[in-house]
Amino acid sequence: DHAFWLRPPAEREHAFRLLRELDKPAFFADPEVPYMSVKGLGYHALVRHADILEASRNPEVFASGQGGATSIIDMPAEFAEYFGSMINMDDPRHARLRRIVSRAFTPKMIKQFEDDVEVAAASIVDDLLATGSGCDFVTEVAARLPLKIICDMMGIQESDYGFVFDRSNIILGASDPEYVADAESIGAALLTAGMELQELVQRLAADRVENPTNDLTSSLVNANIDGERLTAQELGSFFILLVVAGNETTRNAISYGMRLLTLNPDQKRSWLEDVDGRAPGAVEEIVRLASPVNYMRRKVTRDHEMNGNLYREGEKVVLYYWSANRDENVFDDSLRFDIARNPNPHVGFGGPGPHFCLGAHLARREITVMFRELLRRVPQIEAGEPERLFSSFINGTKHMECTF
Ligand code: HEM
């Protein structure tokens, strides 16, 4: 809540530590798994914008590959089978893998399927209007556009969208009882979801070897890195990364944006006055405050001093994007939703470095088009109370009624 963000960074840091320890209790329950114990959890929390920029710019010191970037807990070996993707690697391997798909995510390529995004958004708003009064905004509106677009890019059929949606929810929301009811089975649920998505990609991949298309699965199947093909494990983890990153985060930005517009009618009025012209500023401001990815983790490769603090080799560092995006030293009146904020150097898509969000242009396009459709065709729409995802990693909304 707002009062929390007005507290001094040291207090926030402490609160984050407590939050993290309360989160995913099952991870800490098994005494036979030392890397999951609370004792081994210690880490530096970077909560200031300047620290996050510097850590992101220094991937040789703050590495993603040593234990993984996507969890505060070092990734267990059996998880690497499904989640050992480039986001948890360092250059040069990371760069080689990223190159296989990076061309598909450039602004020029994203522009090429602008029409598809528009058609999909229009059909979602048709369905919304057909309800006559409202629905669950998250599942019926916000989630559908990014899910459809990333599935189309990968070559996943419409009949599998629901399957992908459910597995993504488990992979990023395992700590929430709605997705994994029994806390003791979080680890097993994650592995099962990974395995099920692996089966889907192996089926698709087998087909693409025979019948290549221009989808991303074909790019992965045919990728050649220094004369070598991706192994089945690499292919599967890559596919899971793209599918999960491509649908969860943008959904949460759209839902949070809807809530921000409801809570700030002056900003909504202002956007309505010039829907296209004010979209770029509004979208950046939504991503800043939504910060759908709460943090990424790094490991220190050698002793390093940064802004007066010493980081020792082997220590863990967590980059809290949500906090940096509210840093009073960078953002005037930082809690205020201001669609005209300029400049807006938020780190919602990560800091400046090799792992900067691959899908940033795509996400911006999806958010822009979704709100354009909503503001033009259902300007009176309002969001109710959000039901938040119980997770320290993803700032997510699971359900939120909307009315019009
Ligand atoms: C990486 C945020 C949408 C694919 C990241 C990172 C963040 C992030 C914070 C890590 C950056 C770092 O470690 O420096 C977001 C947000 C999104 C979004 C807030 C929506 C509002 C997407 C979409 C895709 C995507 C639509 C499509 C596939 C990826 C991939 C990476 C990544 C593949 C890993 C890049 C690498 O390791 O080189 N994203 N993302 N993201 N994102 Fe996104």
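The values are calculated or read from the model by the stated rules, or taken from the named source; none is laboratory data. Since we're looking at a predicted model, the values are computed, not measured. Because the Cβ atoms are built from the backbone with ideal geometry, glycine has one as well, and the counts that use them run over all protein chains shown. Only protein heavy atoms, including side chains, enter the accessible area calculation; ligands, DNA and RNA are left aside. Shrake-Rupley method; radii C 1.70, N 1.55, O 1.52, S 1.80 Å.
Worth a mention:
- Charging the Cβ of each Asp and Glu at -1 and of each Lys and Arg at +1, and nothing else, the dipole of the chain about its Cα centre rounds to 940 debye.
- Karplus-derived HN-Hα couplings along region 153-169 (A = 6.51, B = -1.76, C = 1.60, θ = phi - 60°), whole Hz, x at Gly and Pro: 4, 7, x, 8, 6, 4, 5, 9, 4, x, 4, 5, 4, 5, 5, 4, 4
- ³J(HN,Hα) computed for each position of region 212-219 - Karplus, 6.51 cos²θ - 1.76 cosθ + 1.60, integer Hz, glycine/proline x: x, 10, 9, 7, 6, 4, 5, 4
- Candidates VAL330, VAL119, VAL47, ranked by Gaussian network fluctuation over the chain, Cα under 10 Å, top entry: VAL119
- Residue with peak Gaussian network fluctuation, the chain [Cα springs, cutoff 10 Å], from LYS268, LYS148, LYS108: LYS108
- Equivalent ellipsoid semi-axes, region 2-403, via Cα gyration tensor eigenvalues times 5, rooted, Å: 30, 28, 21
- Hypothetical label at ARG103: residues of region 174-213 whose amide nitrogen lies under 20 Å (7 Å Cα-Cβ projection): 208-213
- Phi-derived couplings, Karplus 6.51 cos²θ - 1.76 cosθ + 1.60 at θ = phi - 60°, listed residue by residue for region 91-100: 5, x, 4, 4, 4, 5, 5, 4, 4, 4 Hz, with x used for Gly and Pro.
- Charge tally around ALA63: other residues with Cβ under 15 Å, Lys/Arg +1 each, Asp/Glu -1 each, net 0.
- Modelled FRET efficiency - R0 51 Å, ALA95 with GLU178, Cβ distances, 0.05 increments: 0.85
- Net charge contributed by nearby residues that have their C-beta within less than 14 Å of SER102 (K/R +1, D/E -1): +4
- Element breakdown for the chain at a 1.4 angstrom probe: carbon and sulfur atoms account for 52% of the accessible area.
- Unit charges at the beta carbon, dipole of region 192-310: most positive-side option, PHE238, MET296, MET195: MET296
- Here's how it looks for VAL293: its modeled amide H is under 5 Å from those of ASN395, which are all 5 or more places away or on a different chain.
- Calculated accessible area for the chain comes out at 44 Å² per residue, all protein chains present (probe 1.4 Å; ligands, DNA, RNA ignored).
- Entry note, the chain: the mean residue ellipticity at 222 nm calculated from DSSP H runs of n ≥ 4, each adding -39500 (n - 2.57), is -15500 deg cm²/dmol after division by the residues and rounding to the nearest 500.
- Shown for the chain: lysine pairs separated by 8 or more places, or found on different chains, whose C-alpha atoms are under 21 Å apart, numbering 9.
- Near the amide H of CYS135, within less than 5 Å, lie the amide hydrogens of CYS402, all on another chain or at least 5 residues away, with H placed in the peptide plane.
- Selected from ARG312, ARG167, ARG298 as most flexible by GNM, with the chain as the system and alpha-carbon contacts under 10 Å: ARG312
- Size of electric dipole in region 236-336: Cβ of Lys, Arg +1 and of Asp, Glu -1, about Cα centre, debye, nearest 20: 460 debye
- Residue-count net charge about ILE225 - beta-carbon cut-off 10 Å; Lys, Arg +1, Asp, Glu -1: +1
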